Every structure is written in C-alpha cells, then in structure tokens.
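I have placed the structure first, in the form of structure tokens, so that the comments after it can refer back to it.
The values are calculated or read from the model by the stated rules, or taken from the named source; none is laboratory data. It should be emphasised that the depicted structure is a prediction, and the values quoted were computed from it without experimental measurement. Cβ placement follows ideal geometry from the backbone for every residue including glycine, while neighbour counts extend to all protein chains displayed.
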Amino acid sequence: MAEKRYIRWFEEIRKEDIPLVGGKGANLGELTNGGIRVPPGFCVTAQAYSDFIKERNLDKQILEEVKQLDMENNAQLQSTSALIRELILQTDILKSIEAEIREAYATFQHSLQQDDLFVAVRSSATAEDLPEASFAGQQDTYLEIKGISEVIRHVKKCWASLWTARAIYYREKQHFSHFDVSLCAVVQKMVNSKKAGVLFTANPVTENHNQMMINASWGLGESVVSGMVSPDEYIVDKKNNRVVEKHIATKNFLVVKNEKAVGTSKVAVKEFLGEDLVTQQCLTATEICQLSANALRIEKMYQSPQDIEWAIDGDTNDLYILQARPITTLKKEETDVVEQVEIKRLALLRGLAASPGTGSGKVRKIKDITEISKVEEGDILVTIMTNPDMMPAMKKAAAVVTNEGGRTCHAAIVSREFGIPCIVGSNNATEVLKEGMEVTVDATRGVVYQGILEEPAEINKEINQTPPGIDQMHLHQLAPISGTKVYMNLGEPDLITKYKDLPFDGIGLMRTEFIFTHLVGAHPMYLLRNGEEKQFIDKMAEGITKVAQDVYPKPVVVRLSDFRSNEFRGLKGGEEVEPIEANPMIGWRGVSRYISPEYEEGFRLECRAIKKVREEYGLVNVWTMLPFVRTTWEVKRVKEIMAEEGLKQDQQFKIWIMAEVPSVIFEAEEFAEMVDGFSIGSNDLTQLVLGSDRDSGILNTMGYFDERNPAVKKAIKMLIQGAHKHNKSVSICGQGPSLYPEFTEFLIHEGIDSVSVNPDTVAGTRRLVASVEQRMILNKLREL
Ligand code: PEP
Ligand code: MG
C-alpha cells in the first residue's frame with residue numbers, strides 16, 4: 001500500500017503528536033516507546049476525520065445546520081445535534097480511509113495470530129488543552145469490538161461524539177471554529193482482564209505525594225471507573241512499596257465480554273466467579289509490587305502525579321497499562337509530614353444514590369416522630385428508614401441518608417420531589433455517622449465524605465442539563481413537542497408553585513398521602529368516629545384544588561389513598577382503627593381497603609373531596625386513579641361506590657387504574673373494558689414481578705430490583721398491547737423513567753401514551769421523548 005495517511009501504530013507515536021492522534025493516543029504512544037507494557041494498537045488519525053468531513057461535504061451541510069440554529073433554543077439544539085450525529089453515522093467513510101483501517105486491522109490479527117481479535121475503540125481529542133468534557137464531546141470508549149465492520153462503525157461513533165448538543169453550544173459560545181477541533185480513534189487490543197482498576201501515584205484523599213492509592217476489582221476496569229462497584233483500596237508507601245492501609249470491599253458485580261453480542265455485560269461475581277470472590281482480596285502482594293513499580297516509572301516519565309488505568313490479563317497474568325494522565329485536582333507537592341496533610345476526601349460510607357445533588361452539614365440521627373425536632377435547617381438527616389411522619393424534618397435537611405431502602409422507597413420518592421440529596425440502602429449509616437459529625441453527602445455518586453467539603457462534587461444529571469441562560473419559564477416555551485405526553489408526579493400540593501412552569505402536559509400522579517399526613521393529619525375513620533369528617537373533605541379538597549387550579553386546564557390524575565396499614569397507623573387515631581399486618585406491602589392497601597366495611601366510609605370521604613373540587617370549584621380537569629388493583633370484581637364494586645358518591649365515569653370524568661399487580665397485566669383486556677386508562681406503577685410492578693421487596697436495601701444493592709429487567713419489560717409490553725386493543729391509554733408513574741433514560745426509550749418504542757416523571761426530570765424527559773420519536777420517524781422514512 002502507498003504511504004500511510006490515516007493510521008499510526010503506537011510505536012510510531014510520541015507525546016508531541018497530540019495534533020495527529022489526540023491526547024490519549026499520544027500518551028499511549030509515549031508509554032509504549034518508554035517500555036511500559038501497553039496493549040498494542042493503532043490510531044485512526046485526526047486527519048481521517050478531517051478528510052472524511054471535507055471530502056464528503058459534511059462541513060458545508062453541518063455548518064448550514066448550525067448557522068440556522070438558535071443557540072438558546074434547547075429543543076433545536078438537541079435535534080440539530082442528533083441530526084448531525086446521525087449524518088456522520090450514515091455517511092460512508094472514504095475508500096482510502098477504509099482501506100487503511102482494513103489493512104491495519106488485518107495486520108493486527110495476523111501479528112497477534114488472532115482471527116477473533118477483540119479491540120477497544122476509544123476517542124482521543126486534539127484539543128486537550130481545552131476542557132475535555134464540554135469541548136470534545138463524550139470521549140467515548142467502546143469495549144470488546146470484533147470484526148472490521150464493527151471497528152469502522154465504532155470509529156464513526158467516536159467522530160460523531162464531537163457533535164453533542166453541549167459540545168456545539170460550548171464551541172459557539174467560546175467563538176471556537178467547529179472544525180478546529182478534531183478527533184482521533186484509538187483501536188487497541190482488548191486485555192482479557194481478570195482484575196483491573198485505577199492507580200493514583202499520589203493519595204487523592206489526603207493529597208500525600210508519598211503514597212499511592214490502588215483501586216481494584218474483578219473483570220474489566222469499567223466496573224471501577226464507572227463506580228458500579230466499591231473496589232478494594234490499597235494505600236502504598238512509595239518509598240518501600242509497603243501497603244500501609246487496605247480496605248477490602250464487597251464486590252458484587254463485574255463487567256465481562258458479552259458472549260452473545262458486541263460489547264460488555266454486567267454479571268454477578270457470585271454467579272460468575274463464585275461466592276468467595278465477592279469479599280476476597282483482589283490483588284496479591286506481588287501484583288501490588290508490580291503495579292507500584294510500573295506506576296513509579298510512569299510518574300517519572302511524565303514528571304508529575306498520574307492517574308493510571310491498569311488491567312491484569314487472565315491468560316498470561318501480565319500487567320497492562322491502559323492509560324495514564326495527570327491528576328489535575330492535586331495541590332502542589334507536600335513534604336513528608338503526613339500529619340500536616342489536609343484531609344480532603346475521606347469516604348465514610350456508600351449507598352444508593354436516590355436523589356441527586358450534594359449537601360453538607362451536621363449529622364442528626366432520628367428514630368421516629370418523637371425526635372424530628374432535633375433536625376435543624378441544613379442538618380444531615382440520618383435514619384434507618386424515613387416514614388411520612390418525618391417529612392417536616394426532611395424538608396429542613398441539607399441531605400438525607402438511610403440504612404435501608406431502594407430507589408423507590410419513601411425517602412427516595414420524597415427527596416426527589418423536594419430536590420433534597422438522598423442516599424438510601426447504606427446499611428449502617430446510623431452506626432458509622434456519629435451525632436453532630438460534619439459530613440458532605442454526594443448523593444449523585446452515593447458517597448458520604450468526612451467534613452464539609454468546599455467544592456462538593458458537581459451534580460451530574462446529563463439528561464437534565466439545561467444549557468446556561470435558560471430558566472424554567474424559558475424551558476416551557478422551548479420544550480419540544482412530542483407525541484407521547486410528558487406528565488409530572490407530585491405529592492406535596494404547595495410544590496406546584498415551584499414547578500408549574502416546567503414543560504409538562506399534566507399531573508400524571510398526584511399522590512394524596514402527603515395531604516393525609518400534612519393537611520388532614522388524622523385517620524379518616526377516626527375523624528368519622530368523632531364527627532369531624534367535614535374537616536377531612538375540606539382539607540383534601542383544598543390540597544387538590546391548589547394543584548388543579550395552577551395547572552388548569554391540564555389534567556390532574558389524583559390517586560386515591562394508597563397508604564399501607566403500617567403507614568395509616570402513623571396518622572392520628574390510626575392505632576385505634578388499623579390492624580397490624582405481617583406484610584403490609586402486599587396487604588390491605590388500595591382498592592381492597594376501599595370496598596371493605598372497615599374503610600368504605602373513609603373512602604367515601606375521599607370521593608366527596610373529589611366531587612367537591614370538580615363541582616364546587618369547577619375543576620373538571622381532576623380525574624382519579626385507583627391504586628393496587630388486583631381483580632376485576634373489586635373494580636366493579638369500587639366504581640359502584642364512586643357512582644353512588646356522584647363520581648360516575650363518563651367523557652368528562654376519567655377513572656384510571658394503576659397496573660402494579662401482575663394480575664392486571666394478565667387480564668389487561670378485561671380491565672380495559674372497565675376503565676379509561678392504566679398507569680404503570682413500576683415500583684410495585686417490579687417488586688411483584690421479580691418478587692423483590694422494593695424497600696430492601698440488600699436486594700437493591702445486589703441489583704435484583706430493576707425496572708429494566710426483561711420480565712418487567714415483557715409485562716409492560718403485554719399491558720400496552722392489551723390496553724390498545726380496547727383503545728385505552730397507558731401511562732407510567734413509577735420511578736423507572738425518572739431514573740433510566742433507556743427505560744423511557746423502551747416505553748416510547750412500545751407505544752406508551754404518556755410518561756409521568758419526577759419534577760427534576762420533566763425537562764430532560766421531554767427532550768429525550770422528542771428525540772426518540774424523531775429518530776423513530778427518521779428510521780421509518782429510511783425504510784420507505
Ligand atoms: C408505583 O408503585 O410505581 C407507584 C407510582 O406508586 P407508589 O410508589 O406510591 O407505590
Ligand atoms: Mg405503587
């Protein structure tokens with residue numbers, strides 16, 4: 001072949017070659033030539049990207065698109081970004097580039113004698129002196145890629161990552177030319193990694209330059225880098241390579257090559273490697289020594305502290321260095337005096353990140369309602385598990401940390417609604433965190449740090465990020481139009497004032513439990529006994545009216561009471577009228593309660609409150625939703641009661657039921673004949689399909705409770721099909737779509753009519769829904 005233009009092998013690269021191969025590529029070349037064992041590979045140079053863009057005339061098309069763009073119109077920005085990325089992916093690369101990549105990959109296969117050669121494809125930007133994340137795009141890495149066509153496809157995916165909405169916006173605002181930055185794709189042999197992790201050649205917690213910190217776990221290093229597992233941690237004294245501190249973690253998951261498809265998958269350590277390895281120390285003493293020695297060499301090469309990714313090959317036991325880059329967050333070098341070193345980031349505890357954000361303050365541990373007055377504005381509320389009684393204290397807290405619970409527990413739901421950072425399922429927060437101790441809670445990553453950190457970690461809610469300069473009011477005008485409606489979940493009526501300008505189409509779930517606890521404050525049956533039922537009706541009507549007025553004429557789907565008996569007992573007078581159940585989660589809740597003589601009168605009060613709002617205040621945008629439906633006969637009966645109370649189902653007054661119990665899925669068509677619509681309560685549905693207690697910290701941390709499980713998705717698919725056969729709508733109001741964009745994407749593909757999400761995700765969901773719908777249309781057009 002003629003002179004190579006687009007390919008450089010690592011051996012041909014030095015650290016000065018950033019303009020050609022980007023920062024990552026240049027580093028890998030420098031390490032290779034410095035005698036460090038790096039998995040071999042080559043770079044598809046930045047020239048390939050520039051020539052591709054120019055010769056395929058994409059620069060003109062792209063500039064045309066960007067020129068028409070109103071940078072402050074977020075919806076436009078998102079859709080133009082999607083369009084440009086799609087354009088890059090759909091355009092054939094130049095024959096000359098393809099030929100060089102083909103030849104390099106074939107040479108690679110030949111030299112390694114591997115027909116089945118798996119590689120990693122990673123992007124490496126040429127503008128490394130600029131803030132990477134915002135400027136250069138996603139810095140994507142694709143692992144376990146096999147075969148030339150997949151390699152080429154992933155090279156293009158790296159190129160496309162230069163055109164994320166954020167990258168376009170940033171370049172425009174900084175007046176950088178869009179074509180001054182270029183991107184190289186690194187193609188590197190995959191290590192069959194049995195253990196991997198990260199090494200810092202200075203201790204990032206204490207900033208002690210005489211120590212190194214090694215993080216290690218099983219399988220591919222992705223589990224450590226992405227924060228999927230808490231890795232083992234070893235602190236090594238650089239002078240004598242001795243381990244001075246180690247923490248062996250419970251490593252529940254590992255990332256491995258996906259044997260059935262391209263890429264990787266997450267599996268349980270217990271099943272894949274055996275139970276012993278979950279808690280077994282990952283690295284041997286020899287491996288730690290070997291790692292430290294390599295790290296010292298690399299630090300010396302670069303003359304500055306390094307953050308190094310490494311892996312140990314399962315076949316050969318060889319140690320490989322996958323990447324090295326400077327640690328940018330360290331202060332200047334400290335002396336030997338360890339005692340004087342400021343403690344910056346000492347992680348005390350980890351748990352599930354349930355409501356993102358950070359907060360710092362003094363720890364206040366509370367057991368129950370009797371202790372809530374201990375919590376003052378800005379404290380960190382720590383408890384085994386929150387309950388509705390603790391709401392006033394939660395509202396004051398800078399953050400909430402619980403021992404128990406999963407992402408759909410009370411603490412998680414309430415915190416998200418109020419925008420309070422919250423970590424749940426930490427196991428032992430109430431033991432580890434001492435009363436009055438100062439801590440910083442990073443609820444985006446699920447870590448509690450010692451002390452008040454000056455610069456708490458940035459909130460990383462990619463999907464919700466709004467370009468600077470756009471406020472809530474603006475968001476409403478800029479929100480893209482989508483076919484699938486986007487509703488909002490709400491519990492505390494007063495919060496509507498804060499959220500009413502968000503771009504939602506209505507309230508898809510108005511939980512009434514907040515009204516019961518905070519406005520009414522007493523059990524309805526207790527009030528009835530005391531002849532105080534009017535107080536109940538008035539207060540409930542007041543809460544609903546507040547919301548329905550503010551969003552009129554958009555619908556408000558009011559879910560009638562869904563307290564479990566243990567929660568009802570917490571209301572005033574509750575102990576006198578509520579039974580003690582062994583399993584309240586699957587006990588006397590929802591409709592089973594409404595139709596039983598012991599609560600029917602209470603339910604009738606709920607109906608009267610709805611009637612009052614609709615008839616006295618004329619708020620006919622109020623619909624109702626029945627929770628925890630199990631059978632068709634109970635729906636028939638409850639509708640009779642509602643009709644007797646003047647709530648007759650008709651064109652003007654809709655009755656939805658929640659799809660939470662699997663029986664509703666199996667009999668979707670029968671239920672569809674009786675109601676106007678369904679709303680999937682994915683919190684309860686997931687719990688019941690998988691038999692996994694939604695409040696169990698143990699099961700949640702082990703990954704059992706997951707709305708994305710194929711069985712839950714199958715159930716949802718069945719429901720949508722059944723409901724649509726009868727022209728009935730399907731919505732969803734569980735936490736699933738607020739937590740996982742890919743789950744929302746699945747729902748849209750299945751044809752869901754609306755998604756109802758937490759306030760903090762309304763704007764992001766709207767953008768996501770619109771872009772998925774656009775892509776579906778584009779794909780359809782392409783098929784024609
Ligand atoms: C659900 O189960 O998904 C739901 C929205 O209801 P709750 O979380 O209040 O049980
Ligand atoms: Mg539910």
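Would you confirm whether any residue within region 716-734 is more than 22 Å from Q649 (Cβ to Cβ), hydrophobic (A, V, I, L, M, F, W, C) and more than 16 Å from ligand 1 (Cβ to nearest atom)? Yes, that holds for at least one residue. None of P741, P759 is out of contact with any Lys or Arg (no Cβ under 9 Å at 6 or more places or on another chain) and not hydroxyl-bearing (S, T, Y) except P741.
Of all the numbered requirements in (1) crowded, with 21+ Cβ neighbours inside 10 Å; (2) within 33 Å of the chain's Cα centre (by Cα), S292 misses one, and that requirement is (2).
Considering only region 661-674, state which residues are within 16 Å of ligand 1 (Cβ to nearest atom) and assigned to a loop (DSSP other than H, G, I, E, B). Lay out the reasoning, then the answer.
Filtering region 661-674 for residues within 16 Å of ligand 1 (Cβ to nearest atom) gives 661-665.
Residue satisfying the conditions is V661 alone.
Any residue at all in region 484-493 that's surrounded by fewer than 20 Cβ atoms within 10 Å (Cβ to Cβ) and touching a helix residue (DSSP H, G or I) at 6+ places or on another chain (Cβ under 8 Å)? The answer is no, given that none of the residues of region 484-493 is surrounded by fewer than 20 Cβ atoms within 10 Å (Cβ to Cβ) and touching a helix residue (DSSP H, G or I) at 6+ places or on another chain (Cβ under 8 Å). In region 296-317, the qualifying residues are those that are within 21 Å of C282 (Cβ to Cβ) and free of Cβ contacts under 8 Å to residues at least 40 places away in the same chain, and the one that is surrounded by the fewest Cβ atoms within 10 Å (Cβ to Cβ) is T316. Taking region 675-730 as the range and being surrounded by fewer than 19 Cβ atoms within 10 Å (Cβ to Cβ), out of contact with any strand residue (DSSP E or B) (no Cβ under 8 Å at 6 or more places or on another chain) and part of a helix (DSSP H, G or I) as the test, the residues that pass are L690, I698, P710, A711, K713, K714, K717, M718, Q721, K725.
Do we have any residue at all in region 52-69 that's more than 26 Å from the chain's Cα centre (by Cα), in a loop (DSSP other than H, G, I, E, B) and more than 22 Å from H154 (Cα to Cα)? Reasoning before the result, please.
Initially, region 52-69 is screened for residues more than 26 Å from the chain's Cα centre (by Cα), giving 52-69.
Still in the list and also in a loop (DSSP other than H, G, I, E, B): 56-57, 68-69.
When the remaining residues are screened for being more than 22 Å from H154 (Cα to Cα), the result is 68-69.
Scanning region 52-69, I find at least one residue that is more than 26 Å from the chain's Cα centre (by Cα), in a loop (DSSP other than H, G, I, E, B) and more than 22 Å from H154 (Cα to Cα), so the answer is yes.
A single member of L291, L296, L277 is touching a strand residue (DSSP E or B) at 6+ places or on another chain (Cβ under 7 Å) and either among the β-branched types (V, I, T) or over 20 Å from V191 (Cα atoms) (or both), and it is L277.
Residue check: I152 meets all listed conditions (1) more than 28 Å from the chain's Cα centre (by Cα); (2) at pLDDT below 90; (3) not in a loop (DSSP other than H, G, I, E, B) but one, namely (2). Scanning region 557-572 for residues that are modelled with pLDDT of 95 or more, small (G, A, S) and farther than 21 Å from V675 by Cα gives a single hit, S565. Just one of the numbered conditions (1) part of a helix (DSSP H, G or I); (2) of a type in the set (V, I, T); (3) within 30 Å of D313 (Cα to Cα); (4) within 33 Å of the chain's Cα centre (by Cα) is not true of T107: (4).
Within region 608-633, being of a type in the set (D, E, K, R) and within 16 Å of ligand 2 (Cβ to nearest atom) holds for one residue alone: R630. Go over the candidates V755, V769 one by one and state the one that is outside the structural domain of G446 (by TED's automatic domain parsing) and assigned to a strand (DSSP E or B). Selected residue: V755, the only one of V755, V769 that is outside the structural domain of G446 (by TED's automatic domain parsing) and assigned to a strand (DSSP E or B).
Where the second residue is part of a loop (DSSP other than H, G, I, E, B) and β-branched (V, I, T) and the first is in the same structural domain as C289 (by TED's automatic domain parsing) and lies in region 235-248, which pairs have Cβ atoms under 8 Å and are six or more apart or on separate chains? Cβ pairs passing all conditions: K238/T201.
What tally of residues in region 497-510 results from selecting those that are surrounded by fewer than 21 Cβ atoms within 10 Å (Cβ to Cβ) and either within 14 Å of ligand 1 (Cβ to nearest atom) or under 30 Å from E578 (Cβ atoms) (or both)? Of the residues in that region, 0 qualify.
Among residues of region 607-635 that are more than 10 Å from T545 (Cα to Cα) and touching a residue at least 60 places away in the same chain (Cβ under 8 Å), those with a beta-carbon under 8 Å from a residue that is within 16 Å of ligand 2 (Cβ to nearest atom) and of a type in the set (F, W, Y) at least six positions away or on a different chain give the pairs W623/W656; T624/W656; M625/W656; L626/Y594; L626/W656.
Within region 749-770, can you find the residues that are more than 20 Å from P356 (Cβ to Cβ) and either within 16 Å of ligand 2 (Cβ to nearest atom) or buried (at least 21 other Cβ atoms within 10 Å of the Cβ) (or both)? It would help to see each step written out before you state the result.
The initial filter retains those residues of region 749-770 that are more than 20 Å from P356 (Cβ to Cβ), namely 749-754, 769-770.
Selection gives I752, S754, V769, A770.
Among the residues of region 748-760, how many are within 16 Å of the chain's Cα centre (by Cα) and within 14 Å of ligand 1 (Cβ to nearest atom)? Even if it seems obvious, please write down each step before you answer.
Narrowing region 748-760 to residues within 16 Å of the chain's Cα centre (by Cα): 757-760.
Next, from what is left, pick out any that are within 14 Å of ligand 1 (Cβ to nearest atom): 757-758.
Here the count works out to 2.
With the structure loaded, tell me whether N566 is without any contact (Cβ under 8 Å) to a residue 12 or more places away in the chain, surrounded by fewer than 19 Cβ atoms within 10 Å (Cβ to Cβ) and within 16 Å of ligand 1 (Cβ to nearest atom) or whether it fails that test.
On the way: without any contact (Cβ under 8 Å) to a residue 12 or more places away in the chain: no; surrounded by fewer than 19 Cβ atoms within 10 Å (Cβ to Cβ): yes; within 16 Å of ligand 1 (Cβ to nearest atom): yes.
For N566, the condition - without any contact (Cβ under 8 Å) to a residue 12 or more places away in the chain, surrounded by fewer than 19 Cβ atoms within 10 Å (Cβ to Cβ) and within 16 Å of ligand 1 (Cβ to nearest atom) - is not met.
Going residue by residue through region 223-231, is there one that turns out to be buried (at least 22 other Cβ atoms within 10 Å of the Cβ) and at pLDDT 90 or above? No, region 223-231 has no match at all.
With respect to the conditions (1) within 13 Å of ligand 2 (Cβ to nearest atom); (2) over 15 Å from T632 (Cβ atoms), V664 lacks only one, and its number is (2).
Matching residues to (1) among the small types (G, A, S); (2) at pLDDT 85 or above; (3) touching a Gly at 6+ places or on another chain (Cβ under 9 Å); (4) part of a helix (DSSP H, G or I):
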position: I321; (1), (2), (3), (4): no, yes, no, no
position: T328; (1), (2), (3), (4): no, no, no, no
position: K332; (1), (2), (3), (4): no, no, no, no
position: V363; (1), (2), (3), (4): no, yes, yes, no
position: K367; (1), (2), (3), (4): no, yes, no, no
position: E371; (1), (2), (3), (4): no, yes, no, yes
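If you go through region 269-293 and keep only what is farther than 16 Å from G197 by Cα and acidic (D, E), you end up with E271, E275, D276. The criterion of at least 3 residues that are out of contact with any Phe, Trp or Tyr (no Cβ under 8 Å at 6 or more places or on another chain) is met by the following strands (runs of 3 or more DSSP E) wholly inside region 399-443: 399-402, 422-424. Scanning region 35-48 turns up at least one residue that is in contact with a strand residue (DSSP E or B) (Cβ under 7 Å, 6 or more places away or on another chain), modelled with pLDDT of 90 or more, crowded, with 20+ Cβ neighbours inside 10 Å and in a helix (DSSP H, G or I).
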